[in-house]
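The values are calculated or read from the model by the stated rules, or taken from the named source; none is laboratory data. Keep in mind it's a predicted model, so treat the numbers as computed, not measured. Ideal geometry is used to build each Cβ from the backbone, glycine not excepted, and the neighbour counts take in all protein chains shown.
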Amino acid sequence: MLTGPELLSYDEVAQRISAVIGETITHYSLTFDELVARQVANRLSEPHAQTLAFMDLIIADGAEDRITDGLAQLVDEPPVTFLQFVSHNASVWNRP
C-alpha cells in the first residue's frame, strides 16, 4: 500500500480543497442503505453494491487508517501532503 504522509477523513479532504479554491466543498456521509441504493442505481448488482458499501463503512470506521513509507522508498523522496497536492493542482477544481 502506498500512502501520503498523513491520515485524512473525507471531511478533512473537503476542507483542504475548499481552502485552496475558495469555494466550500462539503462531504455528505451516506448510510449503508443509501450507499447500496446509489451503487445499484449505477448498475451494480445488489450483492456487489452491498460489498462496496460494507467496505466503505469499515474504512470510514478506521480499518485502513495507516501511513506507510513505501512511496518514499519507491521514489526516494518524501511524499507531499494532500494540501500541497491540491495547491499544485488547484486548476482541476477551479471552475472557469
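Before moving on, here are some points about what is shown:
- Here Ala72 clears all of (1) assigned to a helix (DSSP H, G or I); (2) free of Cβ contacts under 8 Å to residues at least 60 places away in the same chain; (3) farther than 13 Å from Pro5 by Cβ; (4) not aromatic (Phe, Trp, Tyr) except the condition numbered (3).
- Close pairs (7 angstrom Cβ cut-off, 6 or more residues apart or separate chains): within 14 Å of Ser29 (Cα to Cα) in the range 46-60, surrounded by 15 or more Cβ atoms within 10 Å (Cβ to Cβ) anywhere: Ala53/Leu35; Ala53/Val36; Ala53/Gln39; Asp56/Leu35
- Considering each residue of the range 24-38 in turn, none proves to be in a helix (DSSP H, G or I) and polar (S, T, N, Q).
- Among the candidates Glu34, Glu6, residue that is loosely packed, with under 14 Cβ neighbours inside 10 Å, out of contact with any His (no Cβ under 8 Å at 6 or more places or on another chain), touching a residue at least 40 places away in the same chain (Cβ under 8 Å) and acidic (Asp, Glu): Glu6
- Count - residues of the range 54-84 that are of a type in the set (A, V, I, L, M, F, W, C) and touching a helix residue (DSSP H, G or I) at 6+ places or on another chain (Cβ under 9 Å): 7
- Residue within the range 42-49 that is closer than 26 Å to Leu2 by Cα, in a helix (DSSP H, G or I), among the charged types (D, E, K, R) and touching a helix residue (DSSP H, G or I) at 6+ places or on another chain (Cβ under 8 Å) present: no
- Any hit, the range 15-26, residues being modelled with pLDDT under 90 and not aliphatic (A, V, I, L, M): no
- Condition met for Leu57 (under 17 Å from the mean Cα position of the chain (by Cα), among the hydrophobic types (A, V, I, L, M, F, W, C) and either at pLDDT 95 or above or over 24 Å from Ser18 (Cβ atoms) (or both)): yes
- In the range 75-89 there is no residue matching the filter, namely being of a type in the set (Val, Ile, Thr), more than 21 Å from Ile17 (Cα to Cα), surrounded by 10 or more Cβ atoms within 10 Å (Cβ to Cβ) and modelled with pLDDT of 90 or more.
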